[in-house]
């Protein structure tokens, strides 16, 4: 049997997880890429500050 | 001099008491009654539960902090509220029973001018046979609800990892232990932190990890799910959660009411009425919550608990408790001031207030068993409620009894939530989310019920950094260190 690609390795055909989306290797690498995540850190913080500000 | 009594010293009670003490100054008295000697930053308990933090990392002694703030601290639990006084006196008071070693069992009557009930929940393990007795955790499962519970859980996890290193396969079952639980988020964080730790230990291949919860769909989280703006889409939290569960190889059972826990096995009923069993070697199941069981007593000694408290033990506030069927629910059902409708000097905040109804759509099995999450009232909303109630009471003490009350409806406030999916400064991840408003308003936002400009979510290392920073930031704030009032709830 051929080796499953990263994004399909845990999907079981027609089981309950067959209809969802799963990340590929690039998306997963970006999640722990320090430079990209530093940018996201700034962006997420700004978004959170706006929501916190609207809630007080 | 007016006296404000705050029952409970958790996120909501501590916020209310500390702000009230600051705003009232020494001219008035703030008293905190809490059975605990320590304050616990509960969101970090999941890291204690996987051995990445110690109980000391997530707790601190309350006494020195309250001494610094000028707050009178009673290590005790509230037994009864007497809102009309007693024979011979009209002055309202609460009866408390001390829990510290030196005074254990002694009682005291404390008169008040204003009262805040912020007791948090009773961890109702006893609601599910085998899960525990009353508010005590049983022997078959573990918990991360308190720092001590989480510390115990980390030891049990360690034993499993040891067995796996010896080649034994282990089954992990994490989720909710009853059909009417809340706090799915804590279980969500714990299951992925366990998965992360097992991967780090090199034993992931020997673990079968399964989620069991009362949500009707994965990603409900007790708020009826949410649509998060990401990659240009408004993505349902169902897709978001299913994606993560699939990616990390975690199977799931949803719509489940766990009705029995035995050694190594749970029995459950599903929304379709079918029954099932699931075996485990390690299980963490969140218990359902109830009010802590404070009684209300009238002047003549008669029990008026049902005047002040809802049947589930939570305190009635300015919510619409007569909303009826789901089709009639509105955002305006949710309380704004948290004032008791019968006694205007009694307020409740955090988990202690009685919500008008659930946020998730109510569901039950064909057998009549209610299986749906109850509404979360923790974290940021809990802190905002505490501060708002304190603000209202301080205004009434300082400006007069007609001063307008401040408002903080969960249907008009948002929340920032960071759910850890594994701890590590370079390999950790967390789902960072904002939700606005917490309670969906389908009149204002037809369709998703929320403003998709302010409801977003993504998973990554940045989320973990934020969660880690918040750990230190909120402990700093709770210890009333320099600039604590500048840190938002």
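Read-outs: derived from the displayed coordinates by stated rules, not from any lab. Worth saying up front: this structure is predicted, and the values here are computed from it rather than measured. A quick note on method: Cβ atoms are made from the backbone with ideal geometry, for glycine too, and the neighbour counts reach across all protein chains shown.
So here's what we get for this one:
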{"item": "Fewest-first sequence of A:56, B:257, B:406, B:464 by Cβ atoms within 10 Å of each Cβ", "result": "A:56, B:406, B:257, B:464"}
{"item": "16 Å tail of the calculated P(r), chain A, as % of Cα pairs", "result": "63 percent"}
{"item": "Rounded to 10°, Cα long-axis angle of helix B:237-247 versus longest principal axis of chain B", "result": "40 degrees"}
{"item": "Sequence ranges B:104-114, B:345-355, ranked by mean other-Cβ count within 10 angstrom, highest first", "result": "B:345-355, B:104-114"}
{"item": "Averaged over B:426-439, number of beta-carbon atoms from partner chains that fall within 10 Å", "result": "3"}
{"item": "Mean ellipticity per residue at 222 nm, deg cm²/dmol - from DSSP H runs of n ≥ 4 across the protein assembly as shown, formula -39500 (n - 2.57)", "result": "-8500 deg cm²/dmol"}
{"item": "Alpha-carbon centroids, segment B:151-225 and segment B:71-121: separation in whole Å", "result": "39 Å"}
{"item": "D (Stokes-Einstein, µm²/s), Kirkwood Cα radius, chain B, 1.306 mPa s at 10 °C", "result": "69 µm²/s"}
{"item": "Protection proxy ranking, peptides B:380-390, B:148-158, average beta carbon neighbours within 10 Å, highest first", "result": "B:380-390, B:148-158"}
{"item": "Segment B:154-310 - Debye-derived log10 I(q)/I(0), Cα point model, q = 0.19 Å⁻¹", "result": "-1.16"}
{"item": "Percent antiparallel among DSSP beta bridges (both partners in segment B:160-293, rounded to 5)", "result": "50 percent"}
{"item": "For chain B, share of DSSP beta bridges that run antiparallel, in % to the nearest 5", "result": "60 percent"}
{"item": "0 to 90° range, to nearest 10: angle between helix B:461-478 axis and chain B longest Cα axis", "result": "20 degrees"}
{"item": "Residue mean of other protein chain beta carbons inside 10 Å, B:251-258", "result": "1"}
{"item": "Packing-based exposure ordering (other Cβ within 10 Å, fewest first) of B:227, B:391", "result": "B:391, B:227"}
{"item": "Contact order normalised by residue count of chain B, Cα under 8 Å, 6+ apart, percent", "result": "17 percent"}
{"item": "Using alpha carbons only: equivalent-ellipsoid semi-axes of the protein assembly as shown, gyration tensor based, whole Å", "result": "39, 25, 24"}
{"item": "Degrees separating the helix B:147-165 axis from the principal Cα axis of chain B, which is the longest one", "result": "10 degrees"}
{"item": "DSSP beta bridge pairing in the protein assembly as shown, given as percent antiparallel to the nearest 5", "result": "60 percent"}
